[in-house]
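> Dropping a structure here in structure tokens format, bear with me for questions.
The values are calculated or read from the model by the stated rules, or taken from the named source; none is laboratory data. If you're wondering where the values come from, they're calculated on a predicted model, not measured in any experiment. Cβ sites come from the backbone with ideal geometry, for glycine too, and all protein chains shown count toward neighbours.
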Amino acid sequence: MIEWSDTHRSIRDMVRRFVEAEIKPKVTELEHGDLPPYDILRKMFATFGMRDMGEIRAAKAQARAEKRAAARARGEDLQQEERTESGDQVAMQMLPIIELSRFCPGMVTALGVSVGLTANTIMSRGTPRQIERWAKDLLTLDKIGAWAITEPGSGSDAFGSMKATARRAEGGYRLNGNKTFITNGPYADTIVFICKLDEDNDPKDRKVLSFVLERGEKGLVQSKPLKKMGMHSSPTGELFLEDVFVPNDRLLGETEEISYRSGAKDTFTAERTGVVAMALGIIEQCLQLSVEYAKTRVQFGRPIGDFQLIQLKLAKMEVARMNVQNLVFRIIELSTEGKRMPLAEASGCKLYCAQSAMEVALEAVQLFGGNGYMAEFQVEQLARDAKVLQIYGGTDEIQISQIARSLLAG
Ligand SMILES: Cc1cc2nc3c(=O)[nH]c(=O)nc-3n(C[C@H](O)[C@H](O)[C@H](O)COP(=O)(O)OP(=O)(O)OC[C@H]3O[C@@H](n4cnc5c(N)ncnc54)[C@H](O)[C@@H]3O)c2cc1C
């Protein structure tokens, strides 16, 4: 793939019109945290048929899970069965991410965690019954999901330092632990809670399991949104669990035999490639605003675009846009070919794109001068939002280690 097709462009334009009509006028409310993003996202789902597509995805996932369960009963393992989406499906997911990220990257985070991380975890690990019970409502956005692995003491070393536990109890499990920085945590109806099975053994030898929690569960407290630097349209919170009893059917897969660690690579790859599309949206918007400003802002009797130092900024932004867009095309093209991006490559993409989005947004602030520092001109918001791309989904440093590990293992 070397460019967007005419179909892609017309879909992009429709989404762009929706974003400009429905989101742009509400950015201030979303930014101040007065307006949770979910109703606008639901309207987008209804407008573009994404709700119906969600129902179809859930039905397909259920059929796959039934096949997996039947194979397991025969003693076979279909866990490794490849499940790649077509290039067009991936493009259709990326176009709204890019368009939303031009104004509200936080909405992508809220959406991606709910219909991506949370629903995908349930679909890839759940039994057919669990998929029917929870994934369908997440994929249609009828319910909001959260995916909780990070704890106050465990971030980059998510599995190694994890303290949250599950202990077997009569008819189920008792869950304990605190999770932090959880996207949608304050509002989530359905939460994937990742913890270790405590069998009075050494914590480093414990199995990692995942459970589904529902809002209002006894012993579960969902905090208010945390105050943060950017991504204000994506509510982030803490979860506190004190002796939360859950029956056996809340354990994803309803078996302790499938460790959460197996298959975690797929989750990491999906998270990392999603950031590439977000970075493109941020860069495109910063570049467009900067070009307009460079043509119209006059200093020393000339538009600032006449100055070579300003031209250098614009040219570097354009090079970043071209590179990041090409990575988006590569991700789509791999899916068209039925291939999956290796984790180390996804790490490389995320590292490059997150850093590029940050650099471009900061250069845009500089190009706008004092106005760049003012909220009214939008680039300061995009600069604050871009920073988190270097932190969540694995920090830059973790991506670097992943790339280097892969090189040195070769
Ligand atoms: C807005 C936001 C939303 C989030 N949403 C979610 C969510 O929905 N669910 C969820 O579970 N988590 C979520 N997170 C958590 C996120 O994934 C973690 O913040 C991230 O993985 C980093 O972990 P940490 O914050 O504990 O930093 P730490 O791991 O403590 O890292 C601190 C610093 O040390 C560096 N470092 C750590 N280890 C190494 C190493 N081996 N080599 C070199 N440097 C190292 C890091 O790169 C970083 O610079 C979110 C975070 C944010 C900010």
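> Restricting attention to segment 208-219, does a residue exist that is among the charged types (D, E, K, R), part of a strand (DSSP E or B), more than 15 Å from the ligand (Cβ to nearest atom) and surrounded by fewer than 19 Cβ atoms within 10 Å (Cβ to Cβ)? Spell out how you get there, then give the answer.
At the first step, the residues of segment 208-219 found to be among the charged types (D, E, K, R) are 214-215, 217-218.
Now narrow it down to the ones that are part of a strand (DSSP E or B): 214.
Imposing the further condition that a residue be more than 15 Å from the ligand (Cβ to nearest atom) reduces the set to 214.
With surrounded by fewer than 19 Cβ atoms within 10 Å (Cβ to Cβ) added as a condition, the list becomes 214.
Yes.
> If you don't mind, there's one more thing I want to ask. From the list Leu334, Leu314, Leu408, exactly one residue is within 16 Å of the ligand (Cβ to nearest atom), over 20 Å from Pro105 (Cα atoms) and surrounded by fewer than 20 Cβ atoms within 10 Å (Cβ to Cβ). Which is it?
Numbers: Leu334 fails: within 16 Å of the ligand (Cβ to nearest atom); Leu314 fails: within 16 Å of the ligand (Cβ to nearest atom).
The conditions single out Leu408.
> Which residues, counting only those in segment 392-404, are more than 18 Å from Met107 (Cβ to Cβ) and either more than 9 Å from the ligand (Cβ to nearest atom) or not small (Gly, Ala, Ser) (or both)?
Taking segment 392-404 as the starting set, the residues that turn out to be more than 18 Å from Met107 (Cβ to Cβ) are 394-404.
Thr395, Asp396, Glu397, Ile398, Gln399, Ile400, Gln402, Ile403, Ala404 - these are the residues of segment 392-404 that are more than 18 Å from Met107 (Cβ to Cβ) and either more than 9 Å from the ligand (Cβ to nearest atom) or not small (Gly, Ala, Ser) (or both).
> Take the conditions surrounded by fewer than 24 Cβ atoms within 10 Å (Cβ to Cβ), within 19 Å of Thr269 (Cα to Cα), out of contact with any Asp or Glu (no Cβ under 6 Å at 6 or more places or on another chain) and hydroxyl-bearing (Ser, Thr, Tyr) and apply them to Ser114. Does it pass? Steps first, please.
On the way: surrounded by fewer than 24 Cβ atoms within 10 Å (Cβ to Cβ): no; within 19 Å of Thr269 (Cα to Cα): yes; out of contact with any Asp or Glu (no Cβ under 6 Å at 6 or more places or on another chain): yes; hydroxyl-bearing (Ser, Thr, Tyr): yes.
Answer is no for this residue.
> Now a separate question. Going through segment 271-309 one residue at a time, which ones are surrounded by fewer than 17 Cβ atoms within 10 Å (Cβ to Cβ) and part of a helix (DSSP H, G or I)?
First, the residues of segment 271-309 that are surrounded by fewer than 17 Cβ atoms within 10 Å (Cβ to Cβ): 288, 291-292, 295-303, 306-309.
Matches in segment 271-309: Gln288, Val291, Glu292, Lys295, Thr296, Asp306, Gln308, Leu309.
> Would you please list the contacts, defined by Cβ atoms under 8 Å and residues six or more apart or on different chains, that run from a residue in segment 218-235 that is farther than 20 Å from Thr28 by Cα and basic (Lys, Arg) to a residue that is part of a loop (DSSP other than H, G, I, E, B) and at pLDDT below 95?
Nothing qualifies.
> Next up: Strands (runs of 3 or more DSSP E) wholly in segment 145-189 with at least 3 residues that are more than 17 Å from the chain's Cα centre (by Cα) - which ones? Break it down stepwise before answering.
Values: elements: 145-148, 165-169, 172-183.
Answer list for segment 145-189: 165-169, 172-183.
> Considering only residues that are on the phi < 0 side of the Ramachandran plot and in a loop (DSSP other than H, G, I, E, B), which ones fall in segment 10-43? Talk me through it step by step, then tell me what you get.
If we filter segment 10-43 for residues that are on the phi < 0 side of the Ramachandran plot, which is where we start, we get 10-32, 34-43.
Hits for segment 10-43 are His32, Asp34, Leu35, Pro36, Pro37.
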